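Working notes, structure below.
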Amino acid sequence: VSQGPRVTQDLRLRELTAGGRGAIRVLALEGEGVCARLAPLLGDRVVPAGTFARVALREADGSLLDEAILLVESDRRLELHLHGSPALVERVRSTLGCSQSPEPSASLEERAERRLEAAASEPAARLLLAQAEGALRAEYERLRASSDDELVRGARALAERGRLAHWHLEPPRVVLAGPVNAGKSTLFNLLVGRERAVVSPAPGTTRDVVHARVKLGTLAVDLFDTAGIRALDRAAPELQVEQAGQELAREWCASADLVLWLAPAPATPPPPLGERLRLVHTLDDRDPERERRAFPSLSVLRAPEEARRIVTGVVHSALAVPREPFAPGTPVPFEKEQTDALANAEPVVLRSRLAQWLTR
Ligand SMILES: Nc1nc2c(ncn2[C@@H]2O[C@H](COP(=O)(O)OP(=O)(O)O)[C@@H](O)[C@H]2O)c(=O)[nH]1
Ligand SMILES: [Mg+2]
């Protein structure tokens with residue numbers, strides 16, 4: 001019998017960062033031949049066992065997914081340190097075809113309780129508490145005993161709630177971007193509530209990406225202030241740091257859940273990010289035309305509280321964050337894997353998934 005290529009299966013992905021949150025997310029990948037499985041994402045670059053390297057993760061079409069730190073322990077285990085977008089982690093997971101095994105031995109209630117300890121906001125805490133007290137289990141049990149029609153209807157309703165709850169459970173990454181001197185850092189400091197980023201009339205002041213967890217209304221958000229975009233003379237050595245800052249800003253925009261493109265009129269054309277981008281005009285105290293704007297317009301210096309309200313409204317509507325919190329005790333799936341399965345599966349598949357979720 002010839003030895004065909006070994007089928008690599010059962011590659012496990014575990015997240016080491018608590019609760020799947022934070023600016024950096026560390027994933028452990030374990031399984032036979034894990035390095036070979038990762039190779040296509042690395043453009044076949046080899047990182048020897050026992051070493052680490054900064055790598056560019058790319059999709060099949062060559063587009064950049066993320067700059068990551070790769071630590072190779074052995075051919076059976078490696079760690080990836082990614083930037084914190086849930087979408088990015090999901091992409092890596094699906095590209096590698098990993099099985100999702102978030103602590104398989106723990107029950108629904110235990111998993112909800114574990115996440116409760118690190119809940120990012122009050123709505124998230126309330127929602128997780130209800131599931132830790134058994135709301136989701138009770139609904140799964142009810143659905144399992146229902147007719148196919150009722151099962152599908154109930155599963156879709158749960159999936160919709162899971163979708164609405166998503167941004168409370170996984171704080172979105174919101175990036176402030178736009179031309180230099182648009183007031184990005186001034187707005188960032190307002191939202192953070194203290195002087196975190198350097199504000200200056202000198203263009204090119206912000207070079208690194210600055211991060212803070214902030215509250216916008218009831219929603220916790222990971223907010224990033226980036227270097228402004230302006231045309232630079234690439235050859236000028238004194239501008240190279242700023243150039244690198246702009247490069248970084250572009251990368252962060254690409255992996256953000258939402259980009260707020262801040263610009264005083266006339267607006268500099270934003271990058272083509274579609275639904276993940278919202279335009280906001282800034283410095284509107286300087287502009288007599290402000291009444292006629294098609295986009296939300298704010299001035300941090302003239303009306304800071306109004307600016308905060310406007311940004312909160314734009315973020316909530318762009319991400320479709322629900323206005324009303326769930327009633328206490330409402331069953332809500334709190335893991336993406338369950339929400340996805342509930343949204344798409346046929347009755348026979350749903351029944352088997354429910355059985356699986358309920359046995360633990
Ligand atoms: N008139 C006015 N000036 C502002 C406003 N917000 C920021 N500035 C000023 O604009 C300059 C650039 O601000 P900064 O936040 O550093 O812009 P960034 O380059 O986009 O980060 C600074 O001198 C700020 O004080 C505003 O709402 N109105
Ligand atoms: Mg700045």
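The values are calculated or read from the model by the stated rules, or taken from the named source; none is laboratory data. Worth saying up front: this structure is predicted, and the values here are computed from it rather than measured. Here Cβ is always computed from backbone atoms with ideal geometry, including for glycine, and neighbour counts include all displayed protein chains.
Taking the condition more than 16 Å from ligand 2 (Cβ to nearest atom) and at pLDDT 95 or above, does residue 163 pass? When the stated conditions are applied, residue 163 does not pass them. Which members of the range 312-360 meet the condition of being surrounded by fewer than 13 Cβ atoms within 10 Å (Cβ to Cβ), among the hydrophobic types (A, V, I, L, M, F, W, C) and within 30 Å of residue 297 (Cβ to Cβ)? The one that is surrounded by fewer than 13 Cβ atoms within 10 Å (Cβ to Cβ), among the hydrophobic types (A, V, I, L, M, F, W, C) and within 30 Å of residue 297 (Cβ to Cβ): 320. Out of all the residues in the range 217-231, which are hydroxyl-bearing (Ser, Thr, Tyr) and either near ligand 1 (Cβ under 9 Å from one of its atoms) or at pLDDT 95 or above (or both)? Residue satisfying the conditions is 226 alone. For the condition within 15 Å of ligand 2 (Cβ to nearest atom), at pLDDT 75 or above and surrounded by fewer than 22 Cβ atoms within 10 Å (Cβ to Cβ), residue 210 qualifies.
Matching residues to (1) more than 16 Å from ligand 1 (Cβ to nearest atom); (2) touching a Ser or Thr at 6+ places or on another chain (Cβ under 8 Å); (3) at pLDDT 95 or above; (4) of a type in the set (Gly, Ala, Ser):
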| position | (1), (2), (3), (4) |
| --- | --- |
| 114 | yes, no, no, no |
| 117 | yes, no, no, no |
| 134 | yes, no, yes, yes |
| 149 | yes, no, yes, no |
| 215 | yes, yes, no, no |
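Scanning the range 164-195 for residues that are of a type in the set (D, E, K, R) and either away from ligand 1 (no atom under 14 Å from the Cβ) or buried (at least 24 other Cβ atoms within 10 Å of the Cβ) (or both) yields 170, 173, 184, 194. Out of curiosity, is residue 329 more than 16 Å from ligand 2 (Cβ to nearest atom), under 24 Å from residue 85 (Cα atoms) and of a type in the set (Gly, Ala, Ser)? Taking the combined requirement at face value, the residue does not satisfy it.
What residue, among those in the range 284-304 that are assigned to a helix (DSSP H, G or I) and surrounded by fewer than 18 Cβ atoms within 10 Å (Cβ to Cβ), is modelled with the highest pLDDT? Lay out the reasoning, then the answer.
Initially, the range 284-304 is screened for residues assigned to a helix (DSSP H, G or I), giving 284-286, 290-292, 304.
So of that shortlist, the ones also surrounded by fewer than 18 Cβ atoms within 10 Å (Cβ to Cβ) come out as 285-286, 290-292, 304.
On the way: 285: 89, 286: 88, 290: 65, 291: 65, 292: 64, 304: 96.
Step by step, filter the range 284-304, then rank; the result is 304.
Identify the residue in the range 196-207 that is out of contact with any strand residue (DSSP E or B) (no Cβ under 7 Å at 6 or more places or on another chain) and farther than 17 Å from residue 299 by Cα and, among all such residues, is modelled with the lowest pLDDT.
For the range 196-207, the residue satisfying everything is 207.
Number of residues in the range 305-335 that are within 23 Å of the chain's Cα centre (by Cα), of a type in the set (Val, Ile, Thr) and part of a loop (DSSP other than H, G, I, E, B) equals 2.
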